[in-house]
Amino acid sequence: MKIVVGIVFFLIIAYHLVNFIQLLIKMKEKIIFPANDTQADAIRKHPDKILDPPTYKRQRVGIIVYAFMLLFLIGVFFVGAYVQDFDNWAIFLFMLLPFSTSHDLLNMFAVVDDGLLVGSRFIPWNKIKSIQFKRINVNHKFYGFSKEVNDSGYEMLIKAGFFPISCIVISNEMKGKITKILCERVDIQGEELPLRGTEK
């Protein structure tokens, strides 16, 4: 059991480490969207917080915290592997729980040539399964966070894995622009935008 838990722990950390390195590399590429401050103001990771530019300087705090979390977990793994008489490896899996919310450590959304930078993730175009827009009305969980998003904004859900990634689009105009950009790259269409080959 110790070996199985150790392998699972290692694979999860390795996955996050590779994704984080890939994100840092992609942050150096040319940003296609948002192209100006107006566009950056109209799409958000959090309803009440304007995006920070996808640069190392402006994302410094999130990068440092995320890197520290990874280094800590890598250290825990090697300590656990070194201490031969330590049998309670299952407790290490609970240390992975912070990664369930770690995607919000970096407050950014950007379109680059071969994918999306969303929070602390890089999502290649071929990994996107569908995109859905949900209007932020009185019944929505984000209603009341900001007057700018109430009734006129949308939650954009990007499905590219087990859990959808959420962003906020604050106007119909910006919803149209981001939909056009995405349709040009991943061939999606409609209010819920399933990729071809995944339609039911």
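The values are calculated or read from the model by the stated rules, or taken from the named source; none is laboratory data. Only a predicted model underlies this, so the values are computations on that prediction, with no experimental measurement involved. Reconstructed Cβ throughout: ideal geometry from the backbone, glycine too, with neighbour counts over all protein chains shown. Side chains included, ligands, DNA and RNA excluded: accessible areas come from the protein's heavy atoms. Shrake-Rupley method; radii C 1.70, N 1.55, O 1.52, S 1.80 Å.
At 1.4 Å probe size, with every protein chain present, just tell me what the per residue accessible area of segment 107-191 comes to in Å².
Heavy-atom SASA per residue in segment 107-191 reads 47 Å².
Computed FRET efficiency, Cβ-Cβ of Ile32 and Arg135, R0 45 Å: what is it to the nearest 0.05?
Computed FRET efficiency for Ile32 and Arg135: 0.95.
Just to confirm a number: summing +1 for Lys and Arg and -1 for Asp and Glu over residues other than Ala160 whose beta-carbon lies under 9 angstrom from that of Ala160, what do you get? Working shown, then result.
Working: positive: Arg121, Lys127, Lys129, Lys159; negative: none.
Result for the neighbourhood of Ala160: +4.
To the nearest whole percent, what portion of all C-alpha pairs in segment 135-176 is separated by more than 11 angstrom?
Working: 537 of 861 pairs.
The answer is 62 percent, as a whole percent.
Using a 1.4 Å probe on the protein heavy atoms only, what accessible surface does Arg185 show? Give it in Å² to the nearest 10.
Near enough 80 Å² of accessible area.
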